[in-house]
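> Take a look at this one; I'll ask things after.
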Amino acid sequence: MSAAAQAMAGLRLRDHGATPLCLLALLLLTLGGQLGLLSFVLLLLHVADGVAETRNVDTLIGFVLLFLFFTVLSWIFHHLRTVILAAMAERLGLRLQAMALQAAVRTAVRQDAVEGAAVLQDIATVQSFLRGPGPAALLDLSVSLTALGVMFYMDRTLGLIGTGGILAALLLGLLLHLATRRVTAEAKRRLAATSAELGGQLVHPDLVRGLGMLRPTMLRWQRRYAGALASLYRVNRRTRALNGLDELVFAAYFIAAKVYILYLIFDHVGTLGMLVAAYLICGVAVMPFGALARSWQGTGFALQSWRRLREVLRDQAEPAALPPDPEAPPGLLAEALSFHPPGRERPIIGALTLRLAPGTVATVEGPNGAGKSTLVRLLLGLMPPTAGRVLLDGQDTWRCDRGALGARIGYLPQDVQLLDASVLHNIGRGPDAAPEAVVEAARAAGAHEMIGRLPLGYQTPSGATSGLSAGQRRLIGLARALYGRPRLLVLDEPEVGLDGQARLALRAAVAALREAGGVALVVTHEPGTWRDLADLRLLLEPGGAWQVRPARDADETMGAPLAALD
């Protein structure tokens, strides 16, 4: 079974069969809560009329006590069902969230951040449905059909009235869905587009404000936002109108059932027991269908989100980990590595073969669009190659235990992202880091003195709103990359934002890593900065062409792919 299939099976059979037992318990509680009342109704049909004729007060009191007993018992069953449903929703939601969040991150890495954010929205939609009235309404449908059978047992016409009430509830739900589907989709689209437009304008707030564009930007956004809200108001008006019709139809249904029983009583066919029984059972038969119809739209959205999540969990599933290759050489090895996206005439990376032995420093050079960022993602195992493989000390970087491999890798991207946590936790990659190792990494990055000047030192918050400068954030990101003495260090244009002293510290850190037997890969537009420190140069150009040259080779011309250099 594939990893994706195992994931989906895990969602269906949670915790080694615990969920099937819970589902069985939910069904039994639902049946017990309602069938007790239905049994009382059947008993009432046979005995109540005799009580009315004999006017036996003791029997009447017994019936009242029996009714109270079944009512309390039904409430207990429903309460237990609600508790179990909430616990199941929480457990399933957390498990789904953990799995889908990983898939969202992988989607954002391999495709774009917008697709990753859409996954998060789908998680919220499914969790909202699980915590809503939809699952309970689905469980109650089984009892509704039983109650409808009792209505037919009481009287055929009464059963037909119940069937008409069910059909009316379903028809109203369908009308609600059809009447609001397009308007709701349009309102959501306009709100999303409006928010995206404002977010895009505020990516560079200084530019907007500095050029005097704040007022026209806000006026344009406000007009669009007002239009989007108007669409939502139309949805709400239609929903309120159909809900009012829903109440009217249900009132007509209950009146029709009671009037019919009264007619039977006046015609000396029906009895007072039938009237009381019909009063109790009509709601049990139809109300769950009404609740299901009212949540029709939410159920539809949840099913759509669930289908998309299943596709993401299947397409972006974590690959099965492979054991290390015992015959692979130590260091970093790329074998016939290719990346050729569908629809492109030429590959981005074409059959790249490269070996970086322990203690090797290599630079990656090439114009924009040559595939440097793609190569970094492939080497780090952040996206699957079209062909070939990448091994770090024999371990496939794509098919691996990401937690174990990540501890052996240091990575400084172009855009440093820090967690909304302290400097200590950011450098140590979490709250469990040893302070001595964090300080060692900060010293290696030349960031220790800078951190000491911060208001709270290593306990200073370093999230997006911390106020740290770009240079400070980059030094902290470099220290995080050096934390734990990684076996592979990948630096993507590390010189950006660093002054002369920080660049010297950066070079010293790379030199120390090489002396310790690590592998360093530096993506750079300033190869002269690393010429005396690097051993190899990997030259890329658009279309997948590549060359490996000695770092001190002055010839920078591009040619056909060369054989790997050991």
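> Among Phe63, Phe77, Phe67, which is of a type outside the set (A, V, I, L, M) and modelled with pLDDT of 70 or more?
When all the criteria are applied, what remains is Phe77.
> Let me ask another. Could you say whether any residue in the stretch 414-432 is within 22 Å of Ser338 (Cα to Cα) and in contact with a strand residue (DSSP E or B) (Cβ under 6 Å, 6 or more places away or on another chain)?
Checked against the condition, which is being within 22 Å of Ser338 (Cα to Cα) and in contact with a strand residue (DSSP E or B) (Cβ under 6 Å, 6 or more places away or on another chain), the stretch 414-432 yields no hits at all.
> Please identify the pairs in which a residue from the stretch 259-271 that is free of Cβ contacts under 8 Å to residues at least 60 places away in the same chain has its Cβ atom under 7 Å from the Cβ atom of a residue that is assigned to a loop (DSSP other than H, G, I, E, B) and polar (S, T, N, Q), counting only partners at least 6 apart or on another chain.
Note: pairs meeting the criteria are Ile265/Thr271.
> Something else: Would you call Ala516 in contact with a Leu (Cβ under 7 Å, 6 or more places away or on another chain) and either more than 19 Å from Val376 (Cα to Cα) or without any contact (Cβ under 8 Å) to a residue 60 or more places away in the chain (or both)? Show your work before the answer.
Working: in contact with a Leu (Cβ under 7 Å, 6 or more places away or on another chain): no; either more than 19 Å from Val376 (Cα to Cα) or without any contact (Cβ under 8 Å) to a residue 60 or more places away in the chain (or both): yes.
No: the conditions fail for Ala516.
> For Ile348, only one of the following conditions fails: (1) surrounded by fewer than 19 Cβ atoms within 10 Å (Cβ to Cβ); (2) of a type outside the set (S, T, N, Q); (3) within 24 Å of Glu526 (Cα to Cα); (4) touching a His at 6+ places or on another chain (Cβ under 8 Å). What is its number?
Status for Ile348: all satisfied but (1).
> Let me ask something else about it. What residue, of Val519, Val496, is of a type in the set (A, V, I, L, M, F, W, C) and buried (at least 22 other Cβ atoms within 10 Å of the Cβ)?
Values: Val496 fails: buried (at least 22 other Cβ atoms within 10 Å of the Cβ).
Exactly one residue qualifies, and that residue is Val519.
> Enumerate the pairs (first residue in the stretch 446-467 and on the phi > 0 side of the Ramachandran plot; second residue anywhere and loosely packed, with under 13 Cβ neighbours inside 10 Å) with beta-carbon separation below 9 Å, excluding pairs fewer than 6 apart on the same chain, so at least 6 apart or on different chains.
Gly446/Gln501; Gly446/Leu504
> Regarding Arg443, is this residue within 21 Å of Leu498 (Cβ to Cβ), open to solvent by 50 Å² or more (accessible area, probe 1.4 Å) and not in a loop (DSSP other than H, G, I, E, B)? Break it down into steps so the answer makes sense when it comes.
On the way: within 21 Å of Leu498 (Cβ to Cβ): yes; open to solvent by 50 Å² or more (accessible area, probe 1.4 Å): yes; not in a loop (DSSP other than H, G, I, E, B): yes.
Criteria met by Arg443.
> Also, I was wondering about something else. List the pairs whose first member sits in the stretch 402-421 and is in contact (Cβ under 8 Å) with a residue 12 or more places away in the chain and within 19 Å of Ser462 (Cα to Cα), whose second member is open to solvent by less than 70 Å² (accessible area, probe 1.4 Å) and of a type in the set (D, E, K, R), and whose Cβ atoms are under 7 Å apart, counting only residues at least 6 apart or on separate chains?
Between residues of the stretch 402-421 that are in contact (Cβ under 8 Å) with a residue 12 or more places away in the chain and within 19 Å of Ser462 (Cα to Cα) and residues that are open to solvent by less than 70 Å² (accessible area, probe 1.4 Å) and of a type in the set (D, E, K, R), the close pairs are Leu412/Asp492; Pro413/Asp492; Gln414/Asp492; Gln414/Glu493; Val416/Arg473; Val416/Arg474; Leu418/Arg473.
> Right, something else. Need a quick list: strands (runs of 3 or more DSSP E) entirely within the stretch 517-566 having at least 3 residues that are over 30 Å from Gly484 (Cβ atoms) and modelled with pLDDT of 80 or more.
Ranges flagged: 546-550.
> Looking only at the stretch 402-410, decide whether some residue is farther than 29 Å from Ala508 by Cβ and among the charged types (D, E, K, R).
At the first step, the residues of the stretch 402-410 found to be farther than 29 Å from Ala508 by Cβ are 402-403.
Right, trim to among the charged types (D, E, K, R) and you get 402.
Yes, the stretch 402-410 has at least one match.
> Which residues, counting only those in the stretch 269-290, are assigned to a helix (DSSP H, G or I) and either at pLDDT below 70 or surrounded by fewer than 20 Cβ atoms within 10 Å (Cβ to Cβ) (or both)?
Result: Leu272, Gly273, Leu275, Val276, Tyr279, Leu280, Gly283, Met287.
> Residues being open to solvent by 60 Å² or more (accessible area, probe 1.4 Å) and farther than 28 Å from Pro319 by Cβ: count how many of those fall in the stretch 395-424.
Selection size over the stretch 395-424: 1.
The values are calculated or read from the model by the stated rules, or taken from the named source; none is laboratory data. Given the structure is predicted, the values throughout are model-derived calculations rather than measurements. Glycine also receives a Cβ, built like all others from the backbone with ideal geometry; neighbour counts cover every protein chain displayed. For accessibility, only protein heavy atoms count, side chains too; no ligands or nucleic acids. Shrake-Rupley method; radii C 1.70, N 1.55, O 1.52, S 1.80 Å.
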